[in-house]
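Derivation of every value follows stated rules applied to the coordinates shown; laboratory data play no part. It should be emphasised that the depicted structure is a prediction, and the values quoted were computed from it without experimental measurement. Don't worry about glycine lacking a Cβ; one is built from the backbone with ideal geometry, like all the others, and counts go over all protein chains shown.
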2 protein chains.
Amino acid sequence: MSKDKLVKDITSREVDFAQWYTDVVKEAKLCDYTSVKGCLIYQPNGYAIWENIQRDLDNRFKETGVENVSFPLLIPESLLQKEKDHVEGFAPEVAWVTKGGSEILEEKLCIRPTSETLFCDQWAKEVKSYRDLPKLYNQWNSVLRWEKTTRPFLRSREFLWQEGHTIHASAKEAEERTLMMLKVYYDFVTEDLAIPLIQGRKTDSERFAGAKDTYTIEAMMHDGKALQSGTSHFFGDGFAKAFDIKFLNKNNEYEVVNQTSWGLSTRIIGAIIMVHGDDSGLVLPPRIAPTQVMVIPIAAHKEGVTEKAMEVYENLKKLGVRTKIDLSDKTPGWKFSNQEILGIPARVEIGPKDIENNKLVLVRRDNREKIEVSLDELSRIPEILEEIQRDMYNKAKVFLDSHIYEATEMEDMINIFKDKKGFVKAMWCGEENCEDEIKYATGGASSRCIPFNEEKLSDKCIFCGKEAKHMVYWGKSY
Amino acid sequence: MSKDKLVKDITSREVDFAQWYTDVVKEAKLCDYTSVKGCLIYQPNGYAIWENIQRDLDNRFKETGVENVSFPLLIPESLLQKEKDHVEGFAPEVAWVTKGGSEILEEKLCIRPTSETLFCDQWAKEVKSYRDLPKLYNQWNSVLRWEKTTRPFLRSREFLWQEGHTIHASAKEAEERTLMMLKVYYDFVTEDLAIPLIQGRKTDSERFAGAKDTYTIEAMMHDGKALQSGTSHFFGDGFAKAFDIKFLNKNNEYEVVNQTSWGLSTRIIGAIIMVHGDDSGLVLPPRIAPTQVMVIPIAAHKEGVTEKAMEVYENLKKLGVRTKIDLSDKTPGWKFSNQEILGIPARVEIGPKDIENNKLVLVRRDNREKIEVSLDELSRIPEILEEIQRDMYNKAKVFLDSHIYEATEMEDMINIFKDKKGFVKAMWCGEENCEDEIKYATGGASSRCIPFNEEKLSDKCIFCGKEAKHMVYWGKSY
């Protein structure tokens, strides 16, 4: 039967998670490799998810006063080098333009790996008085980092993202903005993507190059690994001093600005796949799904079936539901499988018997529950979609909570990472050396974040036994 | 007075059109130069216009079945070289990446000047059967061409655009798509941007590199020059043969596909400025204006004025009008000038006397007409905005029509281009040499297009006197 034919192309999650991921990306036609090493094509199905992410997140940014801009793709070498920590972090992984037309360039230009330096250069020219502050800018673009390995959405040389950059008259205001944008990410990912998160501050070794503090949201994939899903950085005045971004305050004295940046990328699509997907393919949360309902007529050759299905399709669109109808000559079994692979949150089956009984059958993608809906009560369908959204979040939340362990002894921590999947909460002294040793001992678990509400599991660092400064979430990561 | 202060920064259009343009871009804060030679920053005011263009045009694309994608930024040299005419057209003006991280690349990569080659490379892999056709793809991105000179929006090394790429089972279907997308551009520019157009086919010498036919929409700026505002290309099977994009047709025989591409860029913002702007600044058509109405309270310190102005502001937003309110401590005169420079289509003035009379005064930006609107009839304001949109188009249409001249003798044509501003209609033999000679004789007028409905002005080519093949619109251009 064609249904089996379609699904057998997807490896089971439990057999080989990495292969399952690759299969889902391929079968759902989200993204493809190209002749350009390390660079990917976002196909229509994948890009449509990104467009919905852009729309929802962009609205949330604008509600906080952020304005969109577009800054250049290229950064002169001298500009990239202005902030010492930043250039050390990024110079080894940028691509260099050395020739334009037939001309060899006097100064080479890098393709932006991120754009702090460009924004600072502009602000140094533009900002004169406290009246010019704050500047709250964002851009949707692609950046390039010369990675060795490539995995769809998770790691590629070029990737799509948004980068927000703001400057403020005081450190306090900049710190508030840093946390405000982390909250925007947290709310967006939990509410619209139905992905539960842990959040907190990165340790010094995991901070962004040039930042004073980096805050992060971290999600747990179905294999128990962490995916850093969005970061928000407080820079203090480091860049501002390097670039001389100063302003006259209300007392007519010069001060330097304080700065933030924050970014979320197409990696988050990897998180959607690995949190919600199953052995039949993608499972998309309704709020972000390009198509929310697929209408599939059953025995479509019978009189009146296609007409009734079309009527349902049109009425669902009128209700604001993103709906498609599959009128192809494929079998219903093939159509069901296809809708499941694509992760469309619900399908509507409607055949002669349903029409006789003035109803349709809605099948939920997340749990395959069949729900009979009267044709006079189609307005229940948007409600069901919201239920799916909630249930998907709750299911993932149960998974996250039940895969977070505590350890106070190193042996326990090692065993947990050997035998189980998930995160471990453990105390830490604050030394980078202990982070390195823990990573080595556990076969790769790194500090994910120091949560805002730290518990006190013991007095001692789990590795060195010295006084503990923080509770840290540890996990292997993508 | 502050009003004068603001406006004196803008040179008069009639005194120096080029300087006027530069002043408007600067004073309205649309776009700025950067430390990166030839590359521009699109500031919030400029980028917000582009976002509205994207939204409206993207909807029109999707209504015709187009899907958005994202293809890589970089093109390997060997891929760029596959189609002979294409590489000849673009190779001299691309930027080359020769180094990635610390590694010198074996094959250099160019930053895309346009992406035909990448799409073809992907389709050669992806397309197998007639069932896979058509592919109707579009992407919003930036491209880079190593230009010598830079003018905001009109010419820069990096610019923002959309590039649509489609492949089809037959030449006929591809040609229909080429014209369909030209019509999408035509409708969008005339309806949403209120810019009247001429349209038609480019002569061979003005065709896109690798195209069999290039169609264009051309607008007339206030100085009488032409701005090519959007192009749609029919490629036939040239690229398809070079890249071996073949499919099995219904008879199980191999055929090569036929292809189109079409693009519209941020140049169009230059057209909006130069068609509608005046000596007080920008004038934006309401449908594309980021802010449609600016509410300005008069004598705001008097009791109840700010509250009433806020009420009007909120009610206009509820009516779907993109509204802002200026509650700053600047003078009303400054606020009026600022709203005019920014090109906001209408301002609402409301003071104590207006409130007494239960009305407000709306001042149209395009013609400065003052209209009294009862506070009980705010729903008139969206109607007035539509009137402004219509009137702006009609005014520009009168300008266009009254600046198109006919010539059948070369001397007349030369005199028209010397004494007047605008386009000239004249007959042409079809030889590239005559185009060159006409350009030289007129001090730079090039063939803009061969319109779909050609008139027969005479039997002879205006330059060589041989038999005329086509009527051509000629004009100096940006």
Notebook entry, point to check: Ranked highest first by the average count of other Cβ atoms within 10 Å around their residues, in what order do A:386-394, B:186-194 fall?
Noted result: B:186-194, A:386-394
Next item on the list: Working from Cα positions, state the angle (0 to 90°, nearest 10) between the long axis of helix A:17-27 and the longest principal axis of chain A.
Entry: 60
Next item on the list: Starting from the Cα coordinates of region A:75-197, work out the convex hull volume and express it per residue in Å³.
Entry: 161
Notebook entry, point to check: Thinking of region B:154-193 as a set of Cα atoms, what percent of all their pairs are more than 12 Å apart?
Noted result: 69
Next item on the list: For A:K421, place a label point 7 Å out from Cα along the Cα→Cβ vector, do the same in each other copy, and report the separations in nm, one decimal, smallest first.
Entry: 6.8
Check: Expressed as an acute angle from 0 to 90° and rounded to the nearest 10, what is the orientation of the C-alpha long axis of helix A:171-187 relative to the principal long axis of chain A?
Finding: 20
Next item on the list: Report, as a whole number in µm² per second, the diffusion coefficient that Stokes-Einstein gives for region A:293-384 at 20 °C and 1.002 mPa s using the Kirkwood radius over alpha carbon pairs.
Entry: 166
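Which semi-axes, in whole Å and largest first, does the equivalent ellipsoid of region B:2-276 have when worked out from the alpha carbon gyration tensor as the square roots of 5 times its eigenvalues?
Square roots of five times the eigenvalues give 36, 23, 16 Å.
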Check: Using 7 Å Cα-to-Cβ label points, what is the B:N251/A:Y254 separation (nm, one decimal)?
Finding: 8.0
Checklist line | Per-residue HN-Hα couplings for region B:123-135 [Karplus 6.51, -1.76, 1.60; θ = phi - 60°; Hz; x = Gly/Pro] | finding: 5, 4, 7, 8, 8, 10, 10, 4, 5, 7, 10, x, 10
Margin query: Quick check: the distance between the Cα centres of region B:246-260 and region A:94-162, to the nearest angstrom?
Written below: 42
Item checked: Percent of beta bridges antiparallel (DSSP, region B:293-386, rounded to nearest 5) -> 55
Next item on the list: List the distances, in nm and shortest first, from the label point of B:D436 to the matching label points in every other copy, placing each point 7 Å from Cα along the Cα-to-Cβ direction.
Entry: 6.9
Check: Long-range amide H contacts for B:V97: which residues qualify at under 5 Å (H placed 1.01 Å from N, peptide plane, sequence gap of 5 or more or a different chain)?
Finding: B:L109, B:C110, B:I111
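For the pair B:D401 and A:D329, what calculated FRET efficiency results from E = 1/(1 + (r/R0)^6), where r is the Cβ-Cβ distance and R0 = 60 Å, to the nearest 0.05?
Plugging the Cβ-Cβ distance into 1/(1 + (r/R0)^6) gives 0.70.
Within the set of other residues whose C-beta is less than 14 Å from the C-beta of B:S379, count the net charge using Lys and Arg as +1 and Asp and Glu as -1.
Taking every other residue near B:S379 into account, the sum is -2.
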Notebook entry, point to check: Under a plain spin-label model, where a point goes 7 Å from the Cα along Cα-to-Cβ, how far apart in nm are B:K37 and B:D376?
Noted result: 6.7
Next item on the list: Would you tally the net charge around B:T150, using a Cβ to Cβ cut-off of less than 11 Å, leaving B:T150 out, and scoring K and R as +1, D and E as -1?
Entry: +3
Item checked: Rg and Dmax [Cα atoms of region A:219-355; Å; Rg one decimal, Dmax integer] -> 25.3, 82
Check: Taking only DSSP H segments of four or more residues, each worth -39500 (n - 2.57), what value at 222 nm results for the protein assembly as shown once the sum is divided by all its residues, to the nearest 500 deg cm²/dmol?
Finding: -10500 deg cm²/dmol
Checklist line | Whole-angstrom Cα spans of region A:207-253 along principal axes, big to small | finding: 57, 20, 10
Notebook entry, point to check: How many percent of all Cα-Cα pairs in region B:4-126 sit more than 25 Å apart?
Noted result: 54
Check: Measuring from the lowest to the highest alpha carbon on each principal axis, how far does the protein assembly as shown reach, largest first, in angstroms?
Finding: 95, 82, 65
Item checked: Backbone HN-Hα couplings from phi across region B:30-37 [Karplus 6.51/-1.76/1.60, Hz, Gly and Pro as x] -> 8, 6, 9, 6, 10, 5, 8, 4
Item checked: Restraint check, B:K353/B:K395; B:K82/B:K439; A:K62/B:K324; B:K330/B:K395; A:K183/A:K469; A:K172/A:K241, Cα-Cα greater than 22 Å -> B:K353/B:K395; B:K82/B:K439; B:K330/B:K395; A:K183/A:K469
Checklist line | Cα-based helix-to-principal-axis angle, B:267-276 vs chain B, degrees rounded to 10 | finding: 40
Next item on the list: Give the calculated FRET efficiency between B:K421 and B:L319 to the nearest 0.05, with a Förster radius of 35 Å applied to their Cβ-Cβ distance.
Entry: 0.30
Next item on the list: Please provide three numbers in whole Å: the alpha-carbon extents of chain A along the principal axes, with the largest listed first.
Entry: 80, 57, 48
Next item on the list: Kindly give the distances from B:K250 to its copy-mates, label point to label point, with each label point 7 Å from Cα along Cα→Cβ, as nm values to one decimal ordered shortest first.
Entry: 7.7
Next item on the list: Could you go through region B:457-468 in sequence order and give the Karplus-derived ³J(HN,Hα) for each residue, using 6.51 cos²θ - 1.76 cosθ + 1.60 with θ = phi - 60°, rounded to whole Hz, and x for Gly and Pro?
Entry: 7, 6, 8, 10, 4, 5, 8, 9, x, 6, 4, 7
